[in-house]
1. For chain B, which longest stretch is free of loop sites, where a loop site is one of the GluC sites (Glu not before Pro) that DSSP puts outside H, G, I, E and B and that has at most 13 other Cβ atoms within 10 Å?
2. I need the inter-copy label distances for A:Gly328: point set 7 Å along Cα to C-beta, values in nm with one decimal, smallest first.
3. Among the aspartates and glutamates, which have Cα under 17 Å from the Cα of A:Lys479 when same-chain residues fewer than 8 positions away are ignored?
4. Can you sort A:Thr29, B:Thr439 so the residue with the fewest Cβ neighbours within 10 Å comes first?
5. As an exercise, use a Förster radius of 25 Å and the Cβ-Cβ distance of B:His453 and B:Glu392 to find the FRET efficiency, rounded to the nearest 0.05.
6. Quantify how strongly other chains surround peptide B:305-318 by giving the mean number of their Cβ atoms within 10 Å of each of its Cβ atoms.
7. Placing the label point 7 Å from Cα along the Cα-to-Cβ direction, what are the distances from B:Glu55 to the equivalent spots in the other copies, shortest first, in nm to one decimal?
8. To the nearest 20 Debye, how big is the dipole of the protein assembly as shown about its Cα centre, given +1 on the beta carbon of each Lys and Arg and -1 on that of each Asp and Glu?
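Nothing in this text is a laboratory measurement; each read-out follows from the coordinates by a stated rule. Note that the coordinates shown come from a computational prediction; the quantities given were computed from them, not determined experimentally. Neighbour counts run over all protein chains shown; Cβ positions are idealised from the backbone, glycine included.
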2 protein chains.
Amino acid sequence: MINSLENHPLYRIAAPRSIAFFGASNRFTSMGTNQLHSLISLGFKGPIYPIHPKEPQVLGLKAFKEVDLLPESPDLAVMVLPTALVLETVEKCGRQGIRQAIIVSGGFKEVGQEGRILEEQLKTIARTYGIRFLGPNCLGVTNPHHQLNTTFLPYTAAPGFIGFASQSGSFLTQLFDYLGVLGLGFSTALSVGNEADIDLVDCLEYLALSPQTKVIGLYIEGLRRGRAFIERARTIVPHKPIVAYYVGGSEAGKRAGLSHTGALAGPDRLYDGVFQQSGIIRANSMTELFDFCWVLGTCPPSRGKRLAIQTHSGGPGATAADACGREGLVLTDFSPATLDRLAPFVPHTGSLNNPVDITFSKNPLDFFQEIPRTLLEDPQTNGLLIYLMLPEEHLRRSLLHQGIPEDQLEDTLDQVIKMTAQSIISLPKNPQKPVIGFTYRSQIDRLIQLLQHKGFPVLPSPERAARAMAALVRYQRIKEVRAQS
Amino acid sequence: MINSLENHPLYRIAAPRSIAFFGASNRFTSMGTNQLHSLISLGFKGPIYPIHPKEPQVLGLKAFKEVDLLPESPDLAVMVLPTALVLETVEKCGRQGIRQAIIVSGGFKEVGQEGRILEEQLKTIARTYGIRFLGPNCLGVTNPHHQLNTTFLPYTAAPGFIGFASQSGSFLTQLFDYLGVLGLGFSTALSVGNEADIDLVDCLEYLALSPQTKVIGLYIEGLRRGRAFIERARTIVPHKPIVAYYVGGSEAGKRAGLSHTGALAGPDRLYDGVFQQSGIIRANSMTELFDFCWVLGTCPPSRGKRLAIQTHSGGPGATAADACGREGLVLTDFSPATLDRLAPFVPHTGSLNNPVDITFSKNPLDFFQEIPRTLLEDPQTNGLLIYLMLPEEHLRRSLLHQGIPEDQLEDTLDQVIKMTAQSIISLPKNPQKPVIGFTYRSQIDRLIQLLQHKGFPVLPSPERAARAMAALVRYQRIKEVRAQS
């Protein structure tokens, strides 16, 4: 096992100083052109050398007819070439002294016997020259901390804390928008494709060493090195949580995975066993994978499964309570001291039980400050689920009613929303306990957007919030068990 | 059982010609004021009479000191009063000839023994005067087709086709925004509260008669009249689908429901039985309830469980296939004729299997026209799940490349997106088979927004799309079984 980032074979693939790019032109109907565009538009700092047989310039960069005409041996070659050209190009790169490659081209193992033979030949050539590579049939790497993105779409999110390794390239590039809207982003994301050389286990090892990575997510269609995977994961999990989504469980999923990357899927239970032995938290969808990464990367550790739920509406409270029940979370019986402190805030039509149901509160700010703080300070309570719903039209009316002049209304509203967000964000800091928001408000809601972009997780349903909280509790338990063994 | 809308006790509650409103003032810190504001802001057509002991005007409407000073007997009284005032007010309304009421006030059965006695007294008074009422402890009715909304928040969605009856008022009013963003809306939504008089069974009966209601959704914390519920549902289901979410299944959910509306929840399995006997489709969350209503209200009926999945990316294809597998849906083996028609559109790196994986297509419009049409015309295929991802930045570049001048770019882009949407929307029309989109794009994406607002369902994950498709298949099966029995 490699213990230093700089010595890892992925280091100069995920953080190259210079790049030779094969297969981009000036036509945006070609995939390579789009990928080079992604790279340029993120502002990659080092030199990029497009290799093109005819064009003198590609997307504004000086192009070279052949790789042996380059002024240096770049750290990395990216190839988006027709299958038939890949082998000779790898050989040329080897002769030029290039030692890292991303092979985007498909047409290898995933298409059957002929491709399988070609992939073996590719491996032999790479081995001859000591070239380490990602792919073939992959989209490469997104490392926004290094302004690197070799995938199909421009990176639109902020640099983040989620390390991700995936047997689907789409789940890197097509989720930039998804993550960005939630205020999330990748630290480094790796598309492994057919894993002819570098595989998921190598990626896991690399992401464990990556300083920007707080939590590791894995999209798995089938593991090739099960034992090594388990061993590596076991050493990582006490320091960094790993969340995995395995797709091959059903018969239909299995067949789809096979034709996608040629990965052999096993039965669902087998993977359950693998994840349990490894201390990996299993997600049931991509959505859930990123939900879990979100809370594991932003919340203080959970000390147990006893929760408070705060709401101002019975329905959302009941659904959240039910969701918690189904996830094995327990609603705290509050101490008499907590109940005494709560009483002044909750009208007689509300409920001091757990879920705490405020119904209608005269001072909406109590809902975001005094009440949740009281719940978090309850000694029996390990965390809080809080329902968030602050419609702007109400706030606006309430401000007018308080005498704010019309022409100061929007500014004041803005300030109130920011202050409210600030109150909520500070909740999990003192005492250090996890707080997860849930809402049915859409992504357009300003308070929700603000919270998410400040790193406070707000999930779009009580079920998802409860499952995310359960993942936090589970990770803590895994760490404790590992510490004892 | 009542067979005409006009004879139903809910008719003049859900579609009153005039309203007496108790408990609104000019202070927006009171709940009643907000509710009256909701009513006014939706543009209710008939007269509204605020009753207020002091104010001459309430929110710009002429107010009356007492109900007996009104110029007429309004169809409906809405009461947002302190508990202690409710009984005498109902009595006054009765004497004034009012025969319908919405009692928003809480403090009855849901708060314990004392409230239970009060609720019995309320029922006695109402019975004396022949008053039928919703509540107490409810938010009333949202019927946007009649410009009626007595709930806490202004109705921001369009008038829709989802009939909804709920033991939580929040799930009416706090989901306006949620539904509106998806292009959905309520036909009539009823908050039943403690069900002292009108209950869920009455609502079910009413929604079955409501001409704008295509599908009925129910939020249930506990049924009071199980047998009547089953009988009524069984007669409705062959004509209109019913989807229900039952929250009380877990111990925590049960306790929360009890303190919320005083409903007695039973074990999960009991409700499973109730729903199965009734032919009701069970949802596992509010989100899922509205997902199911969405596709049941917009898609042509499904004739079976054999599906095609179309994608241009392996990962989304594999996850969709897996999700379908878990839902008992089957991926079609395409006929030789279908495969022949598909071949020219799919490059050798793609897959003609099911999921059909286009990988990279030179003409993106094929993806929305020829390819899905071919799949839908396959005789073995009953429906289609289609992955939607059309990032504007790519489209923009591709248009520039085709020679569109910069100053016409945004207009052309707009047209292309509209044309694309039109292609997709026409897919399920000929042949008449259900098509459900899925995407990871956020709500901000223009194509997704346009599709949703034109009534084409796009779900935000393959799992939710697969479950929604399974609900369609299930409803068809239920109808067939009912027709045979």
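1. Numbers: sites that count: B:Glu66, B:Glu72.
Result for the longest clean stretch: B:73-485.
2. 2.8
3. A:Glu231
4. Numbers: A:Thr29 16, B:Thr439 24.
Going from sparsest to densest Cβ surroundings: A:Thr29, B:Thr439.
5. Using R0 = 25 Å, I get an efficiency of 0.90.
6. Numbers: counts 0, 0, 1, 0, 2, 0, 2, 2, 9, 15, 19, 5, 8, 20.
Counting other chains' Cβ atoms within 10 Å and averaging over B:305-318 gives 6.
7. Counterpart label points of B:Glu55 in the remaining copies fall at 6.7 nm.
8. On the way: 94 positive and 88 negative charges, 255 e Å.
Around 1220 debye, computed over the protein assembly as shown.
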